[in-house]
Amino acid sequence: MKLKFKISLEKNFISLAAAGVFFGALIFAIIRFLCAPSAERRIFAFQSYDTDKLCYEVRYLPSKPMQGDIGMFADEILLGPMTNRYKRLFPSGTKTDFCFLKGKDLYLGLTKEAFNVKAETFDIKSNIELLKKNIVMNFTYIEKINIFVDGKFVSPEEKNAG
């Protein structure tokens, strides 16, 4: 009788321990989810090395960055793709000079490194058009995009033309 009682206690203890670990992990996950900083889902389009098709990456960016949503997006897209099978939009070293929204018009300035066309990037016109497509895809309220490279106006983009 004593042996059956001991086995029964061991089974109950294992069941209780497993339930405790499960509920502890559940509570930890809920607290972590509720206290985690919020992030916004953004989609990035890059051209593939293998094909001429556009490939997409999803990244979660902070919801209230210091440089603003669009500035953070521009900085992220200039860093390039996370996958080595996609082409960079602009050569390494390209940064944003300025990025601001006036009404529904976006003004985005890139450094002169954007003109350095290397083997891994395609022509500047395609780079600019793909940058505009990325911006319009993620920020639908923007109607006109004015891009400057090294302080020189490149071209405006109407939202419905992209």
Accessible area per residue of segment 60-121 at 1.4 Å probe, in Å²? 57 Å²
Run the 1.4 Å probe and let me know the accessible area of ASP75, rounded to the nearest 10 Å². 50 Å²
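Carbon and sulfur together cover what percent of the accessible area of segment 14-131 at a 1.4 Å probe radius?
On the way: 4620 of 7430 Å².
Carbon plus sulfur share of accessible area: 62 percent.
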With all protein chains modelled, accessible area of THR96 [1.4 Å, Å²]: 40 Å²
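The values are calculated or read from the model by the stated rules, or taken from the named source; none is laboratory data. Model, not experiment: these values are computed from the prediction. To get the accessible areas, we keep the full protein, side chains included, count just its heavy atoms, and leave off ligands, DNA and RNA. Shrake-Rupley method; radii C 1.70, N 1.55, O 1.52, S 1.80 Å.
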